[in-house]
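The structure appears right after this line, and notes come after that.
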Amino acid sequence: MFEQPVLPVQDASTFREVIRALEQAFAAQSVDGYLRKVSQARLRVRNFEGVLAAGLLGEETPRQYAALGDSDRGQVREQYLRLVEQVAPEFRAKYLKVYAYY
């Protein structure tokens, strides 16, 4: 079975701040509002760079993300996509267009 290697984080404090912003967006009490904002911006939820550029993850998050190294940014993107896929089915159904692949 494939086991993904654990990469060391280069800038731990900035990495934690960006991950905290992601976790806040996908927290149970705020995921509905976050997906509504993504829908209003006419973006797909899996388009991390578009969501980030639109400021939907906070005003400071794009700057913090840009300051990270390549491997840290890759880990952030993977964590974001993991959180996207863990959203409850009722929200995925409610925001079907945001989750669609077209």
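G74 falls short on exactly one of the conditions (1) under 16 Å from the mean Cα position of the chain (by Cα); (2) at pLDDT 95 or above, and that condition is (2). Identify, please: which residue in region 1-19 is free of Cβ contacts under 8 Å to residues at least 60 places away in the same chain and of a type in the set (D, E, K, R) and is, among those, surrounded by the fewest Cβ atoms within 10 Å (Cβ to Cβ)? Top of the filtered list is E3.
Taking first residues from region 33-57 that are surrounded by 16 or more Cβ atoms within 10 Å (Cβ to Cβ) and partners that are of a type in the set (S, T, N, Q), the Cβ contacts under 9 Å between residues at least 6 apart in sequence or on separate chains come to Y34/Q24; V38/N47; V45/S39; L52/T61; L57/Q24.
Scanning region 58-75 for residues that are free of Cβ contacts under 8 Å to residues at least 60 places away in the same chain and touching a helix residue (DSSP H, G or I) at 6+ places or on another chain (Cβ under 8 Å) turns up G58, E60, T61, P62, Q64, Y65, A67, L68, R73. In region 51-102, the residue that is nearest to L22 (Cα to Cα) out of those that are touching a Ser or Thr at 6+ places or on another chain (Cβ under 9 Å) and aliphatic (A, V, I, L, M) is L52. The set of residues in region 52-100 being small (G, A, S) and over 17 Å from A27 (Cα atoms) consists of A53, A54, G55, A66, A67, G69, S71, G74, A93, A100. Checking L81, L22 one by one, the residue that is modelled with pLDDT of 95 or more and surrounded by fewer than 18 Cβ atoms within 10 Å (Cβ to Cβ) is L81 and no other.
The values are calculated or read from the model by the stated rules, or taken from the named source; none is laboratory data. Here the structure is a predicted model, which is why all the values come from computation and not from measurement. With ideal geometry, Cβ positions are generated from the backbone for all residues, glycine too; neighbour counts draw on all protein chains shown.
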